[in-house]
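Asks: Once you've had a glance at the structure underneath, I'll fire off some questions.
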Amino acid sequence: MRVELEVMIAASPGVVFDALTARVGAWWTMTFRTPANVVLEPRAGGRFYETWDDGGGVEYAKVTQVKPDVLLALNGAMGLTGPVEGEIVFTFVGTTGGTLLHLTHRASGPIEDGTEEYYRFGWTMLLHSSFKPFVETGAIPSDMGSQGARSP
């Protein structure tokens, strides 16, 4: 599976990086359960995960590389089941109009038909409909709830 997306955001790379990491819980809508607390620890070895009020939770991925305002790389299943290896890489490129955010999500292993399309749709919704408006206007997505058994 390989999903690649770009979104232009009218903000500096520093603002975009901070929103993607430190404020992920404000705009991430693809949770396994509701309510959920979503956290991304922007340091090598940091976790990207959600927790629930009953003490449970799930890990999406671990941070493998971080260069603040430039690159964030994670490794993990991101909701895929079975013996799957996944890598998610965000790059932040400053431009005259703000920041070009590029996402690459690769996964290998026994991946069901339709999964790539599902994840492409999910990432598109997250980045274009939740994240971009959140960064540019502070808008909190109205659908802050469980989006199904997979993330994104």
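The values are calculated or read from the model by the stated rules, or taken from the named source; none is laboratory data. Not measured: the values here are computed from a predicted model. When we count neighbours, we look across all protein chains shown, and the Cβ atoms used for this are built from the backbone with ideal geometry, even at glycine.
Asks: What number of residues within the stretch 89-112 are closer than 19 Å to Leu40 by Cβ and small (Gly, Ala, Ser)?
Replies: Residues meeting the conditions: 1.
Asks: Of all residues in the stretch 82-92, how many are crowded, with 16+ Cβ neighbours inside 10 Å and either among the charged types (D, E, K, R) or under 16 Å from the mean Cα position of the chain (by Cα) (or both)?
Replies: 7
Asks: Which ones in the stretch 1-51 are over 19 Å from Gly76 (Cα atoms) and of a type in the set (Val, Ile, Thr)?
Replies: If the condition is that a residue be over 19 Å from Gly76 (Cα atoms) and of a type in the set (Val, Ile, Thr), then Val7, Ile9, Val15, Val16, Thr34 are the ones that fit.
Asks: Still on this structure: Starting from residues that are of a type in the set (Val, Ile, Thr) and buried (at least 16 other Cβ atoms within 10 Å of the Cβ), keep the ones in the stretch 16-50 and report whichever is farthest from Ala107 (Cα to Cα).
Replies: Val16
Asks: Which of (1) among the small types (Gly, Ala, Ser); (2) crowded, with 17+ Cβ neighbours inside 10 Å; (3) at pLDDT 95 or above is the odd one out, the single condition Ser12 does not satisfy?
Replies: (2)
Asks: Turning to a different aspect of this structure: Can you go through Glu136, Glu117 and tell me which one is modelled with pLDDT of 90 or more, more than 14 Å from the chain's Cα centre (by Cα), assigned to a helix (DSSP H, G or I) and over 26 Å from Asn37 (Cβ atoms)?
Replies: The match here is Glu117.
Asks: If you scan the stretch 93-115, which residues turn out to be over 19 Å from Ala19 (Cα atoms) and of a type in the set (Val, Ile, Thr)?
Replies: Thr96, Ile111, Thr115
Asks: Within the set of pairs 6 or more residues apart or between chains, which connect a residue that is surrounded by 21 or more Cβ atoms within 10 Å (Cβ to Cβ) inside the stretch 59-81 to a residue that is acidic (Asp, Glu) with Cβ atoms less than 8 Å apart?
Replies: Tyr60/Glu50; Val63/Glu41; Leu74/Glu87; Gly76/Glu59
Asks: Can I ask one more? Specify the residue that is nearest to Arg2 (Cα to Cα); the eligible residues are those in the stretch 93-133 that are surrounded by 20 or more Cβ atoms within 10 Å (Cβ to Cβ) and touching a Pro at 6+ places or on another chain (Cβ under 7 Å).
Replies: Per the criteria, the residue is Tyr119.
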